[in-house]
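Novice: Can you read through this structure? Questions will come right after.
The values are calculated or read from the model by the stated rules, or taken from the named source; none is laboratory data. Note that the structure is a prediction, hence the values are computed from the model and not measured. We place every Cβ from the backbone using ideal geometry, glycine too, and count neighbours over all the protein chains shown.
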Amino acid sequence: ITIEGAGARKLPFPTVPNSDGAGVITAVGEGVKLKEGDRVTS
């Protein structure tokens, strides 16, 4: 939607929309170094 200009604004190429994220780990599998409750960001 953003790249096609259908959103609130048209962003110039090469824009990577929604490329950042942050949150808290709620579950992990075996062999994962992160643990529940860890804060993470990209």
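Novice: What pairs come up if the first residue lies in region 4-18 and is farther than 22 Å from Ser42 by Cα and surrounded by 10 or more Cβ atoms within 10 Å (Cβ to Cβ), the second is modelled with pLDDT under 60 and not charged (D, E, K, R), and their beta carbons are under 6 Å apart, counting only those six or more places apart or on different chains?
Specialist: Close Cβ pairs satisfying both conditions: Gly7/Ile1.
Novice: Which ones in the chain are of a type in the set (Lys, Arg) and either at pLDDT below 70 or assigned to a loop (DSSP other than H, G, I, E, B) (or both)?
Specialist: Residues satisfying the conditions are Arg9, Lys10, Lys33, Lys35.
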